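**Q** Can you keep this structure in mind? I'll have questions shortly.
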Amino acid sequence: MEITEVRIHLRNEDRLKAFATVTFDGVFVVHNMKVVNGNHGLIVCMPSRKIKDGSYKDIAHPITNEFRHKLEEAILKVYNEELAKGGVPAAASSKPDGD
């Protein structure tokens, strides 16, 4: 499976730094992955939903550690490129549109 496109939507929040939209093989897209400033640097969080007990469960996620690493690397690379281009974070009001 190839990552064919990564789009970054910068955010202006303390912990949430961006939403990522990732296209796979040019035919499948996943929205609302998050770039978050964690306790030990930037991390990528998968899209999730709140369940009855108040915790969150991933809706989609990599099965292998190798692919998770490849996905995180691709997202953080594009995130850093957007910052280097002087990208302007959006206001902290809402999620990005469905693109």
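Every number here is computed from the coordinates shown, using simple stated rules; none is lab data. Just so you know, these numbers come straight off a predicted model, no measurement behind them. Quick reminder, even Gly has a Cβ in these numbers, built from the backbone with ideal geometry, and neighbours come from all protein chains shown.
**Q** With charges only on Cβ, +1 for K and R and -1 for D and E, what is the dipole size of the chain about its Cα centre, in debye, rounded to 20?
**A** Working: 14 positive and 14 negative charges, 82 e Å.
Dipole magnitude for the chain comes out near 400 debye.
**Q** Can you show me the helix-derived [θ] at 222 nm for the chain, built from DSSP H runs with n ≥ 4 at -39,500 (n - 2.57) apiece and divided by the number of residues, rounded to the nearest 500. Show your work: numbers first, answer last.
**A** Details: 1 runs with 20 residues, N = 99.
Calculated at 222 nm, the ellipticity per residue is -7000 deg cm²/dmol.
**Q** Let me ask you something else. For residue 57, which lysines qualify as cross-link partners when the Cα separation must be under 20 Å and same-chain residues fewer than eight apart are set aside?
**A** 34, 95
**Q** Which whole-number percentage describes the relative contact order of the chain, with Cα contacts under 8 Å and a sequence gap of 6 or more? Could you put the intermediate results ahead of the total?
**A** On the way: 155 pairs, mean separation 27.6, N = 99.
Reported as a whole number, the value is 28 percent.
**Q** According to the Kirkwood expression over distinct Cα-Cα pairs, how big is the hydrodynamic radius of the chain, in Å? If you can, show how the numbers build up before the last one.
**A** On the way: mean 1/r = 0.0708 Å⁻¹.
Answer for the chain: a Kirkwood hydrodynamic radius of 14.1 Å.
**Q** Of the options 4, 39, 54, report the single residue whose Cα projects farthest towards the positive end of the charge dipole of the chain (beta-carbon charges: Lys, Arg +1; Asp, Glu -1).
**A** The listed residue farthest towards the positive side: 54.
**Q** Calculated FRET efficiency, residue 27 and residue 53, Cβ-Cβ r, R0 35 Å, to nearest 0.05? Intermediate results must be reported in sequence, preceding the final value.
**A** On the way: r = 35 Å, r/R0 = 1.00.
So, using R0 = 35 Å, E works out to roughly 0.50.
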